[in-house]
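Below is one structure, written out as structure tokens; comments come after it.
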């Protein structure tokens with residue numbers, strides 16, 4: 001698996017995410033005149049000033065709130081009667097403007113450049129003996 005397809009922090013995908021109109025609009029709404037500079041810095045992986053660090057929260061909120069479930073894994077641990085689930089989430093459009101992430105019972109577990117990588121990681125992550133993907 002290529003390095004860019006391994007689990008990464010969300011910040012790794014900021015250059016692809018700031019190319020999306022919804023992200024640009026949200027940053028412009030929050031930061032007004034400074035938004036252009038912030039977007040340029042995020043595209044180029046440059047550090048933000050202390051006053052602009054809130055851009056991370058804006059992007060994380062958009063990804064967390066506007067992602068779609070594209071696949072789910074239901075698993076049953078050997079030692080339990082309870083079922084667990086892992087959702088593969090996607091935010092963005094276009095092949096190179098998407099980010100995939102794993103949601104396990106309400107919390108994020110990693111961000112990926114492809115659904116295949118997220119599924120592979122999710123399959124390894126789940127501690128169950130019975131796994132079923134559905135899309």
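Against the conditions (1) loosely packed, with under 14 Cβ neighbours inside 10 Å; (2) at pLDDT below 95; (3) more than 14 Å from the chain's Cα centre (by Cα), residue 4 satisfies every one except (3).
Filter the range 1-34 for residues that are in a helix (DSSP H, G or I) and touching a residue at least 60 places away in the same chain (Cβ under 8 Å) and give the result. Working first, answer last.
In the first step, residues of the range 1-34 are kept if they are in a helix (DSSP H, G or I); the result is 3-5, 10-17, 21-34.
Residues satisfying the conditions are 4, 5, 10, 12, 13, 16, 17.
The range 35-135 holds helices (runs of 4 or more DSSP H) entirely within its bounds, and those carrying 1 or more residues that are closer than 13 Å to residue 10 by Cα, in contact with a helix residue (DSSP H, G or I) (Cβ under 6 Å, 6 or more places away or on another chain) and at pLDDT 90 or above map to 35-43, 54-66.
The values are calculated or read from the model by the stated rules, or taken from the named source; none is laboratory data. Computed from a predicted model, the values in this text were never measured in an experiment. Cβ atoms come from the backbone with ideal geometry, glycine included; neighbour counts cover every protein chain shown.
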